[in-house]
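Asks: Questions regarding the structure given below will be posed in turn.
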Amino acid sequence: MSYLKFDKNLMINLEQSLPKEMLRTNQAGAYHCTSIVDCNTRKQHGLLVVPIGEEEYDPHVLLSSLDETVIQHGAPFNLGLHRYQGGVYSPNGHKYIREFDCEGVPRTTYRVGGVVLTKEKIFIQNENRILIRYTLLEAHSPTTLQLRPFLAFRSSNALCMANDRANTDCLPVQNGVACCLYEGYPTLYMQLSRKPEFVHDPHWYNNIEYVKDMDRGVPYVEDLMVPGYFQVSIKKGESIIFSAGLSEVSTRSLGKMYEGEIASRTRRTSFFNCLKNAAKQLYLKKDGAEYMLSGYPWGKILARNTFMSLPGNTIAIGHREDFERIMETATAALENFMATLAHSKMIHGIAEPDIPVWAIWAIQQYAKSYGMEAARERYLGLTAALLDFVIAGGNPRLTLESDGLLSTDGTMAPASWMNSVWEGRPVVPRTGKLVEINALWYNALRFAAELAHGEEKYEERATAWADIADKAREAFAPTFLNDYGYLYDYVTGQYSDPSVRPNMVIAVGLDHSPLDRRQRKGVLDVVTRELLTPKGLRTLSPKSYGYRPFYLGSPQEREIALHNGPARPWLIGFYADAYLKVFGLSGRSYIDRMLIGFEEEMSQGCIGSLSQLYDGNPPFAGRGAISHATNIAEVLRTLRTLKKLDS
C-alpha cells in the first residue's frame, strides 16, 4: 500500500481533492505547485515558477498549467481543470482520474473509455526545468495527445490581465517552440521527446479564479495566454516527455535525464521520508551560496527562520555539509552586519535583535551532533563575535542590562518571531525583556563558555560570559516567574505581560535552562494544560484576553489572529525537549503519541509537508504557507531525539 495514494472516489470529489496541494522544487528556487487534480487554486500555483532577479528571491510564474487532451476517433477528451468566474469548473478533466500517487514522483492515472494514460512530473535538480512523462498504458485504436500551455509571465504574487502588449510569437526549436510574453523575462522553451505538430493559435482565457485567494480576501481573478497547442500521436506502451525550461535541451536526452532524476529520489514511504523530502525542498542554491527558504509558496530567505530551522532540516536528516554551507552563507551576512550594520539583500531580517541567540542555538545543535571539537574549530570565532557584539551594544535595538538580561524595544517594530504587523505597528507589541530571548541568551552564554574551554585565546572572554550568565540566571526567575507557576511573556518597566504564550516553553527546553527542576515542571504543566494541541502549541491560551483561534477572514483579521491563538508545530520541538528533561525516559512514549497529529497531516494540505500554522480549536485546520521550514525542522529534530533515545 502506498503511503500517499488517493483513489478515484476522492479525486473526482472536488470538495476533498481541491484542498490537497502538492509541491516540488529544484533546490535552486524554482518550484511546481498545484492541487492534486492539477487545478490551480492560488495565484502562486504554477507548473514552472522560477526566481528572477539577482539580489533577492523573487519567483515568477511562467508556465501556469498544461492542459492535456486525448483524441480517439476524432473525439477529444480534455483532461484539464480550471475554475472560471462564478465558480464554474471546466473542462472537468478530473472525472477521468482513477488514481493519484505521490510516493515517488507525482503520478496521475486517467481512464478515458478504453484509454489508460499516466502523467508523471519531475523537476531537474538545480536547473529550471520540469519534465512531464506521458505513458499510454492501454488503447484499442490510434490515439493523439494534445498539450495546451497556459502562460502567465508574472510575479507569483501578482495577477495577469488580457492585454495587447503580450508577444505571442513562438519560435521553432528542436521538437518544440520558444516564447517570451514580455520584455525582461527569460525565454521559455517547451519541447517534446518526439517531434510534434505545433499549431500557433494564440488566445486569452479570461476570468480564471483562484479559490484560495478568494477565501483570503485578496484579488483572485486573472487571464492567461494560450499561444497554441502541441499535437502528437502516441502508441500503446509508448512514453512521450514534455520539457519546460529556460534553455533549449537536446530532446534525445530527455528520457535519460528523466530516469536519472528518478534514481536519486527518496521515496515518500514513511512519515520521516515525507519530512526529509519537504526539508530538502527548502534548500536554495544561488551563485555558489546556499540558503534556507522560510517556506512555500510565498516564503523568503529570513535570518531568524534560517537559524531556527537549520538543525532540523539538515542535521536531523544527515545533511551535515548542507548545515555547514548554509551557515557559511549566513555567517558572511552576520559578520557584515556586525562590521557595518548593513542589512543583507538576500537574507532578510539579519538585524533583528534575537538573531545572535538563535544563531548560537543552531551552532549548539551542531556541537551536540558532531562534537564540541568540531564546533569549536568551525564556529567558536563566530560565537564569540556574536556575544561580544551584543555585550558591546552593537545592535541598536538590543541592550544588556545591569542584571545580565537583555531588553529590546518592540513597540514600533517586532522584536521576535511573533512579528505580525498591521498599519505599520506590531499586532503583539512585545517589548522590554522578552522571555525566550533571555532564555536563549543565558543558554548562549553557558554554551559559549563550554565551547571556549581550554582555548587560551578566549579564556578571559569565557570568564566574562560565565559571569554575565550567573547574573542572568539570578535575575531570570524573579523577573519572569509569577505566582501562578508560569512565566510572563515580557516585562517592561513596571508592567509584566500575563498572557499565557508558548515562548516560556523555550526556557524549559533549552540545554541550559535558567530555571530549576521544580520551576520547569510548573511551567510545563501550564503549557500542557492551556497551549498543547495535536498540531503544536497555541500562540495564546484560550483563557487569555484576545484569543483568536481561527486564521480566517480579511487580511487584517488574519494578521491580528496570526499570533493570538493558532497553533505552531515548530514549538513541539522545545516542548518535547522540555518534557523529556522534566520526566526523563518515561516521557518518551508521550512525545511519540504527540507526533501522531503531525503524521496525519502528510495526506492533508500540502501532502507530505506541514503548513505554517493550524487553527487553535478543532478541527485544527492547516492555514498560511503550505510548507513551512521551522515546522518541518522541529518535528524532524524531535523524531531524531526519540531515535537517539532508542539507540
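Asks: Rounding to the nearest 20 debye, state how big the charge dipole of the stretch 96-152 is about its Cα centre with +1 on each Lys and Arg Cβ and -1 on each Asp and Glu Cβ.
Replies: 180 debye
Asks: For residue 466 and residue 155, what is the calculated FRET efficiency with R₀ set at 56 Å and r taken between the beta-carbons, to the nearest 0.05?
Replies: Rounded to the nearest 0.05, the efficiency is 0.65.
Asks: Related question: Accessible area, 1.4 Å probe, largest first: how do 328, 103, 183 sort?
Replies: 183, 328, 103
Asks: Roughly speaking, what is the stretch gain from residue 496 to residue 162, that is 0.36 nm per residue apart minus the C-alpha to C-alpha distance, in nm to one decimal?
Replies: Full extension from residue 496 to residue 162 adds 114.7 nm.
Asks: Could you compute the FRET efficiency for residue 528 and residue 256, with r as their C-beta to C-beta distance and R0 at 51 Å, rounded to 0.05?
Replies: 0.40
Asks: Further, regarding this structure: Of all beta bridges DSSP finds with both residues in the chain, what is the antiparallel percent, to the nearest 5?
Replies: Here the share of antiparallel DSSP bridges comes out near 100 percent.
Asks: Moving to a separate point now. Please report, in cubic angstrom per residue, the volume enclosed by the convex hull of the alpha-carbon atoms of the stretch 8-59.
Replies: Expressed per residue, the convex hull around the Cα atoms of the stretch 8-59 is 72 Å³.
Asks: Here is a further query. For the chain, what number results from the quotient of the Cα radius of gyration and 2.2 N^0.38 Å?
Replies: Working it through for the chain, the quotient is 1.02.
Asks: Another one. Sorted by mean Cβ packing within 10 Å, highest first, what order do the peptides 430-439, 573-582 take?
Replies: 430-439, 573-582
Asks: On to the next question. Give me the extension gain from residue 98 to residue 194: residue separation times 0.36 nm, minus the current Cα-Cα distance, reported in nm with one decimal.
Replies: Contour length minus Cα-Cα distance gives 31.9 nm.
Asks: Further question on the same structure: If you average over every viewing direction, what projected area does the convex hull of the Cα atoms of the stretch 519-580 give, in nm²?
Replies: 4.4 nm²
Asks: At 1.4 Å probe size, what's the solvent-accessible area of residue 319? Round to the nearest 10 Å².
Replies: Surface open to solvent at residue 319 totals about 40 Å².
Asks: Out of 199, 487, 454, whose Cα points farthest toward the positive end of the dipole of the chain (charges: +1 Lys, Arg; -1 Asp, Glu; placed on Cβ)?
Replies: 199
Asks: Given the stretch 41-137 reduced to its alpha-carbon atoms as identical point scatterers, what log10 I(q)/I(0) does the Debye formula return at q = 0.11, 0.14, 0.18 Å⁻¹?
Replies: Treating every Cα as an identical point scatterer, log10 I(q)/I(0) equals -0.42, -0.66, -0.99.
Asks: Let me ask something else. Please grab the % of Cα pairs in the stretch 237-371 that end up more than 27 Å from each other.
Replies: 34 percent
Asks: Between helix 355-370 and the chain, what is the angle of the helix's C-alpha long axis to the longest principal axis, kept within 0 to 90° and rounded to the nearest 10?
Replies: With both axes taken from Cα atoms, the answer is about 80 degrees.
Asks: Towards the positive end of the charge dipole of the stretch 222-300, with charges on Cβ (+1 Lys, Arg; -1 Asp, Glu), say which of 273, 258, 231 has the farthest Cα.
Replies: Positive-end residue among those listed: 273.
Asks: Separate question: Relative to the Cα centre, what is the charge dipole magnitude of the chain, using +1 at the beta carbon of each Lys and Arg, -1 at the beta carbon of each Asp and Glu, and rounding to the nearest 20 debye?
Replies: 1760 debye
Asks: Based on the Kirkwood radius over alpha-carbon pairs, what value in µm²/s does the Stokes-Einstein equation return for the translational diffusion coefficient of the stretch 237-305 at 10 °C and 1.306 mPa s?
Replies: Answer, rounded: 105 µm²/s.
Asks: Another question about this same structure. Could you pull out every one of the lysines with an alpha carbon less than 29 Å from that of residue 195, ignoring same-chain neighbours closer than 8 positions?
Replies: Partners within reach: 119, 121, 235, 236, 256.
Asks: Just to be sure I understand the model, the point goes 7 Å from the Cα along the line to the Cβ. What's the resulting residue 403 to residue 588 distance in nm?
Replies: Output for this residue pair reads 4.0 nm.
Asks: How far is it, in nm, from the label point at residue 173 to the one at residue 617 when both lie 7 Å from their Cα along the line to the Cβ?
Replies: Placing both labels 7 Å beyond Cα along the Cβ direction yields 5.3 nm.
Asks: Here's a follow-up. For the chain, what is the calculated [θ] at 222 nm in deg cm²/dmol (nearest 500), taking -39500 (n - 2.57) for each run of four or more DSSP H residues and dividing by its residue count?
Replies: Mean residue ellipticity, 222 nm, calculated: -10000 deg cm²/dmol.
Asks: Quickly rank 65-71, 554-560 as a protection proxy: mean count of other C-beta atoms within 10 Å, highest first.
Replies: 65-71, 554-560
Asks: Let me ask you something else. How much FRET efficiency would the formula 1/(1 + (r/R0)^6) give for residue 84 and residue 321, where r is the Cβ-Cβ distance and R0 is 45 Å, rounded to 0.05?
Replies: Between residue 84 and residue 321 the formula returns 0.40.
Asks: Moving on to the next point. Please give the peptides 245-258, 506-519 ranked by average Cβ packing (other Cβ atoms within 10 Å per residue), highest first, as a rough proxy for protection.
Replies: Peptide ranking by packing, descending: 506-519, 245-258.
Asks: Considering only DSSP states other than H, G, I, E and B, which trypsin sites (Lys or Arg not before Pro) in the stretch 131-166 qualify as loop sites with at most 10 other Cβ atoms within 10 Å?
Replies: 165
Asks: May I pose another question? Contour minus end-to-end for residue 554 and residue 5, with contour as 0.36 nm per residue of separation and end-to-end as the Cα-Cα distance?
Replies: Gain in length upon complete extension: 194.2 nm.
Asks: Between residue 58 and residue 482, how many nm apart are label points set 7 Å from Cα along the C-beta direction?
Replies: Using points 7 Å along Cα→Cβ, the separation is 4.6 nm.
The values are calculated or read from the model by the stated rules, or taken from the named source; none is laboratory data. This is a predicted model, so every value here is computed, not measured. With ideal geometry, Cβ positions are generated from the backbone for all residues, glycine too; neighbour counts draw on all protein chains shown. Side chains are part of the model used for accessible areas, which takes the heavy atoms of the whole protein and leaves out ligands, DNA and RNA. Shrake-Rupley method; radii C 1.70, N 1.55, O 1.52, S 1.80 Å.
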